[in-house]
């Protein structure tokens, strides 16, 4: 058993600032963590909380000079865990260092994720360490895809390719991915094909997210780029925005839609996952529900956005039911801290891919309602009061989502899903896309179909 100390940095409007010291005690697994905020950081007017649940700054005198521990007897702080590399990032770090799987300490993985990781945190070995090299140019996509394929197959990375994958460890999830910058300076998450894909996942996710935007959900900019005959999905990083420090922020536009321009500087939005706000570990996550996530919204999201965020969360649950997206675990729900509030809000939607199935009865990962994970609209309506006090509002949300999704084939065609390089994608995804009759009783169908007067 050993304890490793590292330093957590926060990206503020003026740049990186040390936020505090993290101590991780580990044997084979992480046994315990503790964190102490730096005194100077706490006193900064622009300081933000590293973890809104376990490391809140609402009571600064309580945390000043104190060693803090994760809530609910967790072994790690959720806000810092979200800045750590996930399954894919760990494989990249191991491949770069040429070590066996799962052989490094949690501190090693945190340090290896790079400074372009998700959110506004960085982890360094000392207070004097500089930020690590960031994302590679978008022109490097062919090299990145080649490297990703080698890592997936367990092959060594040639020394000529190691530098190209410097930004990959900080990308979350299990699929091959890396962060890249386009010619204008915008940061994108590139998601590559994976071994064993049964359909074009890049086009499937791009079309599904675009369809979600048509349903009124908040979605980042997405597009597909062909690299040597293979599709690569590019998702604009919604944890970045462009602004001049010291000037007022726009109040009527989404920060993640801002564009680089002369005099503007890239800024970062703090990010935490739903897993962090619900304050549980990965194992407990499978027992949690959308209602639990809605409760976390009420507890931690800025009061001015609670109503809109809980209603959008209900809409996302309904959307996942219609498209059979059962990868809706708590890490695939996120929150960003908006400096204009200031406070937390539901992040744009991400990681939504239909899962084709011939089963008549399907389930989501999170529990939907009184019938557990059962993916039906009746089950969703059994818990509507967790999201909105008005049944009519819940019905209106379902009607809005269904109104777009019943034309999904036409929408996918308009987005390019019939292009020669895409193949039979619409036919392949058809078993995932559900009609109203598949997921609602006749009585509920009639209620949804009924036009408002």
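The values are calculated or read from the model by the stated rules, or taken from the named source; none is laboratory data. Because the structure is predicted, anything quoted here is derived from the model rather than measured. Note: ideal-geometry Cβ built from the backbone for every residue, glycine included; neighbour counts use all protein chains shown.
If you check 374, 366, 444 for being assigned by TED's automatic domain parsing to the domain that holds residue 318, farther than 29 Å from residue 222 by Cα and touching a strand residue (DSSP E or B) at 6+ places or on another chain (Cβ under 7 Å), only one passes: 374. Annotation note: of 337, 331, the sole residue that is assigned by TED's automatic domain parsing to the domain that holds residue 435, surrounded by fewer than 24 Cβ atoms within 10 Å (Cβ to Cβ), in a strand (DSSP E or B) and in contact with a strand residue (DSSP E or B) (Cβ under 6 Å, 6 or more places away or on another chain) is 337. The set of residues from the range 9-30 being exposed (fewer than 15 other Cβ atoms within 10 Å of the Cβ) and either over 15 Å from residue 129 (Cα atoms) or touching a helix residue (DSSP H, G or I) at 6+ places or on another chain (Cβ under 6 Å) (or both) comprises 13, 14, 27, 28, 29. Taken together, the residues in the range 192-215 that are buried (at least 24 other Cβ atoms within 10 Å of the Cβ) and out of contact with any strand residue (DSSP E or B) (no Cβ under 7 Å at 6 or more places or on another chain) amount to 5. So which residues in the range 52-67 are outside any loop (DSSP other than H, G, I, E, B) and in contact with a strand residue (DSSP E or B) (Cβ under 7 Å, 6 or more places away or on another chain)? Answer for the range 52-67, where residues must be outside any loop (DSSP other than H, G, I, E, B) and in contact with a strand residue (DSSP E or B) (Cβ under 7 Å, 6 or more places away or on another chain): just 63. Within the range 78-120, the set of residues being in contact with a strand residue (DSSP E or B) (Cβ under 6 Å, 6 or more places away or on another chain) and outside any helix (DSSP H, G or I) comprises 82, 83, 105, 115, 116, 118, 119, 120. Annotation: residue 343 fulfils all but one of (1) in contact (Cβ under 8 Å) with a residue 12 or more places away in the chain; (2) surrounded by fewer than 22 Cβ atoms within 10 Å (Cβ to Cβ); (3) touching a helix residue (DSSP H, G or I) at 6+ places or on another chain (Cβ under 7 Å); the unmet one is (3). When the criteria are applied in full, residue 414 fails the requirement of being under 17 Å from residue 218 (Cα atoms) and either modelled with pLDDT under 95 or buried (at least 18 other Cβ atoms within 10 Å of the Cβ) (or both).
I'd like to check something: does the range 31-40 contain any residue that is surrounded by fewer than 20 Cβ atoms within 10 Å (Cβ to Cβ), in contact with a helix residue (DSSP H, G or I) (Cβ under 9 Å, 6 or more places away or on another chain) and farther than 29 Å from residue 101 by Cβ? Taking every residue of the range 31-40 in turn, at least one turns out to be surrounded by fewer than 20 Cβ atoms within 10 Å (Cβ to Cβ), in contact with a helix residue (DSSP H, G or I) (Cβ under 9 Å, 6 or more places away or on another chain) and farther than 29 Å from residue 101 by Cβ. In the set 283, 314, only one residue is surrounded by 23 or more Cβ atoms within 10 Å (Cβ to Cβ) and under 30 Å from residue 71 (Cα atoms); that residue is 314. Please indicate, with yes or no, whether at least one residue in the range 135-150 is within 22 Å of the chain's Cα centre (by Cα), within 23 Å of residue 21 (Cα to Cα) and outside any helix (DSSP H, G or I). No, the range 135-150 contains no residue that is within 22 Å of the chain's Cα centre (by Cα), within 23 Å of residue 21 (Cα to Cα) and outside any helix (DSSP H, G or I).
Pairs linking a residue in the range 33-54 that is more than 14 Å from residue 22 (Cα to Cα) to a residue that is part of a helix (DSSP H, G or I), with Cβ atoms under 6 Å and 6 or more positions apart or on different chains, are 42/60; 47/41; 52/300; 53/71. With a requirement of 1 or more residues that are in contact (Cβ under 8 Å) with a residue 24 or more places away in the chain and farther than 14 Å from residue 200 by Cβ, the strands (runs of 3 or more DSSP E) lying completely within the range 219-262 that satisfy it span 230-236, 240-243.
Within the range 373-411, restricting attention to residues that are without any contact (Cβ under 8 Å) to a residue 24 or more places away in the chain and within 24 Å of the chain's Cα centre (by Cα), which residue is surrounded by the most Cβ atoms within 10 Å (Cβ to Cβ)? Looking at residues that are without any contact (Cβ under 8 Å) to a residue 24 or more places away in the chain and within 24 Å of the chain's Cα centre (by Cα), I get 374.
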